[in-house]
Amino acid sequence: MNEDKNDKVNLELICSLRKDNPFYDEVILRHKNALLKGEFFYIDPKTGYRVFTSAYLKDRGYCCGNGCRHCPY
């Protein structure tokens, strides 16, 4: 069980967005909340687009090569 918790924490940390981006903190919060709720995506605060979570992308099992923000690969 502890291994699953550590995996979840590691997935929370995956983000290609630069830390100096003005939306960084909000993105991290939305990503974390989506992970906690088991949701596949969250809404980007700037664009309104859906952004897949790292857990969803990991469960998918491969990298699509599109540069997803939370890609674990």
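We did not get these values from a lab; they are worked out from the coordinates using the rules stated. Since the structure is predicted, the reported quantities are computational estimates derived from the model, not experimental observations. Glycine also receives a Cβ, built like all others from the backbone with ideal geometry; neighbour counts cover every protein chain displayed.
Here Ala55 passes the criteria (1) exposed (fewer than 14 other Cβ atoms within 10 Å of the Cβ); (2) in contact with a Lys or Arg (Cβ under 8 Å, 6 or more places away or on another chain); (3) assigned to a helix (DSSP H, G or I) except the one numbered (1).
When segment 34-73 is filtered for residues that are of a type in the set (S, T, N, Q) and in contact (Cβ under 8 Å) with a residue 40 or more places away in the chain, the ones remaining, listed by number, are Thr53, Ser54. Figure legend. Inter-residue proximity from segment 10-25: first residues touching a residue at least 60 places away in the same chain (Cβ under 8 Å), second residues in a loop (DSSP other than H, G, I, E, B) and surrounded by 13 or more Cβ atoms within 10 Å (Cβ to Cβ), beta-carbon distance below 7 Å, spacing 6+ or different chains. Indicated pairs: Leu11/Pro72.
In segment 27-39 there is no residue matching the filter, namely being among the hydrophobic types (A, V, I, L, M, F, W, C), in a loop (DSSP other than H, G, I, E, B) and surrounded by 15 or more Cβ atoms within 10 Å (Cβ to Cβ).
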